[in-house]
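Reading through the structure tokens given below for one structure.
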Amino acid sequence: MTSAAPPRPARILVIEDDAVIRSNVAELLSEEGFEVSTADNGEAGIALANARNPELIICDIMLPLKDGYAVLKTVREAPRTAHIPFIFLTAKAERADMRLGMNLGADDYLTKPFSLAELLEAVQTRLRRTEELAKRARAAIEGVHERTEVPPVPGLSAADGVIVLDPAMRVLYEQAARVAVTHINLLILGETGVGKEVLARAVHALSARSKGPFVAINCGALTESLLEAELFGNEKGAFTGALSARVGLLETASSGTLFLDEVGELTLAIQAKLLRVLEERKLLRVGGRAERDVDVRFLAATNRNLEEEVARGRFREDLYYRLNGISLTIPPLSARRSEIAALCRVFLARFCAELGRAETLTLSPECLAILENYAWPGNLRELKNVIQRGIVLCQGNSLLPEHLPTKLVNGGTSSRSSQPAVELGASQGAPGEPHADRREALQRELNDLERKRIQAALEETGGNQSLAAEKLGISRRTLVYRLTALGLPRPRKRV
């Protein structure tokens, strides 16, 4: 195994429409060693959150297109970004505004004008908390690997939580290990959510560039202009609000690896500029005149058939051959059901630790049977979401069928699988009642049950949300999120 890479800088997204504040905050954080992306409106901020998956978001409340509350709500509702710590910037510290933000899941507030020292303290406090949770999750995952004797994945530690048990997946990762030690570009194919970035990180970890940065971006999440600025960077004055020069991801990934997820979504204009970088190993920042050298290995991924896209004129043939030095295809989760049980154990360990539960939940046999027979159209990403949801709903020590989404409990199965579906809950509703109505009725019952549990916990603790969360076995942030999702008012603590 290669030696460990140095810790990478934390990614921070700053969403602020005031160009001076945005520039000053970004400059300070960059000087402190953070990797900073910026947006000047709510819609662009949401897009960058999805594209870059930052470790912290700093967001103004009064923004054009979508205000800060809308940004926070969107971030908290999306499984990919729901966990990201969120700090609000506000010109007035009114209780009503602060209460609304906290109800939506904000972690902290900074009132303008704030000192740079105050900003840095708030940022470091949130990132330390995130790292503490990550350490707990890594320790819990390592424990799962030790107890179950899951074989290690080349290039990754047990703490990464990657499970490769299926014979086809073992062969795939062995091929990836052979590709990793070369300089050839790699194209990773597969359905959405199968783990393309996980494989890309393994390739980077095994490569000669492992001590350099691994930088990932979702090409399908950004508009053309935003993506261009993120990839290539910009010079001061390149466009309205560009008060300082900014390094792009191609430069950030110097001596390391740039992973272009959903590369099939690139516009033809961006494709042409990227092709030039691949061919000449040079780039031109937006608004710049001097070319800069680029030393980056490219890994790309897509769920599209790029050969068909080339034939239809939507993807450049020359770029396709440049990126496709060799291709590896990851099979869907439904084709590797032998991994589901181990994956569930890893996800339970990880998310219980991250959500603040004292002990890792177990998985009941009935629950596992349902999970192993479901279609998983969303693959690993969908499985993660199901496990997270179950942890929030579960008050006991074991995940049960009642904690799963109704579409799983009602016998969802894959057309690609020869295994029979496990039909549970088929008696829900009256005979002849439409299937969708039965699912909706069961979902309402589950929501009502969760409301009653939360209300009972709050009643017993006198409205103290921290104590109620501890009683429910979840974190305070999760409790706040569920109060909002279930339409429950956030109570005031009684004295």
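The values are calculated or read from the model by the stated rules, or taken from the named source; none is laboratory data. Keep in mind that this is a model prediction, so the values were computed, not measured. Note: ideal-geometry Cβ built from the backbone for every residue, glycine included; neighbour counts use all protein chains shown.
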Practice item. Residues being under 16 Å from Glu77 (Cβ atoms) and assigned to a helix (DSSP H, G or I): count how many of those fall in the stretch 101-112. Key: 3
Study note, to complete from the structure: Only one of Val164, Val153, Val203 is buried (at least 21 other Cβ atoms within 10 Å of the Cβ), at pLDDT 90 or above and under 18 Å from Leu380 (Cβ atoms), namely Val203
Practice item. Would you check if there is a residue in the stretch 85-108 being out of contact with any Leu (no Cβ under 9 Å at 6 or more places or on another chain), closer than 24 Å to Gly248 by Cα and not aliphatic (A, V, I, L, M)? Key: no
Point to revise | Val277, sole failed condition from (1) touching a helix residue (DSSP H, G or I) at 6+ places or on another chain (Cβ under 8 Å); (2) surrounded by 14 or more Cβ atoms within 10 Å (Cβ to Cβ); (3) touching a residue at least 40 places away in the same chain (Cβ under 8 Å); (4) within 19 Å of Ile184 (Cβ to Cβ) | key: (3)
Practice item. Restrict the check to the stretch 199-208 and report whether at least one residue is more than 16 Å from Leu299 (Cα to Cα) and either charged (D, E, K, R) or not assigned by TED's automatic domain parsing to the domain that holds Ile163 (or both). Key: no
Review point. What pairs can you find where one residue is in the stretch 43-56 and at positive phi and in contact (Cβ under 8 Å) with a residue 60 or more places away in the chain, the other is in a loop (DSSP other than H, G, I, E, B) and of a type in the set (Lys, Arg), and their Cβ atoms are less than 7 Å apart, with a gap of 6+ or different chains?
Key: Asn53/Arg80
Review point. Considering only residues of the stretch 340-371 that are among the acidic types (Asp, Glu) and modelled with pLDDT under 90, which is farthest from Glu191 (Cα to Cα)?
Key: Glu359
Check your understanding: Can you tell which of Arg316, Arg322, Arg297, Arg285 is over 17 Å from Val263 (Cβ atoms), in contact (Cβ under 8 Å) with a residue 12 or more places away in the chain and surrounded by 16 or more Cβ atoms within 10 Å (Cβ to Cβ)?
Key -> Arg285
Review point. Looking at Cys352, is it crowded, with 17+ Cβ neighbours inside 10 Å, in contact (Cβ under 8 Å) with a residue 60 or more places away in the chain and among the hydrophobic types (A, V, I, L, M, F, W, C)?
Key: yes
Practice item. Please indicate, with yes or no, whether at least one residue in the stretch 244-251 is in contact with an Asp or Glu (Cβ under 8 Å, 6 or more places away or on another chain), hydroxyl-bearing (Ser, Thr, Tyr), at negative phi and part of a strand (DSSP E or B). Key: no
Review point. Of the residues that make up the stretch 392-409, is at least one touching a Lys or Arg at 6+ places or on another chain (Cβ under 6 Å) and either modelled with pLDDT under 55 or not assigned by TED's automatic domain parsing to the domain that holds Phe347 (or both)?
Key: no
Exercise for review: Output the number of the condition that Gly288 fails; it satisfies all remaining conditions of (1) over 30 Å from Ser244 (Cα atoms); (2) more than 30 Å from the chain's Cα centre (by Cα).
Suggested key: (1)
Review point. Which of the residues spanning the stretch 50-62 are farther than 14 Å from Ala106 by Cβ and modelled with pLDDT of 90 or more?
Key: Pro54, Glu55
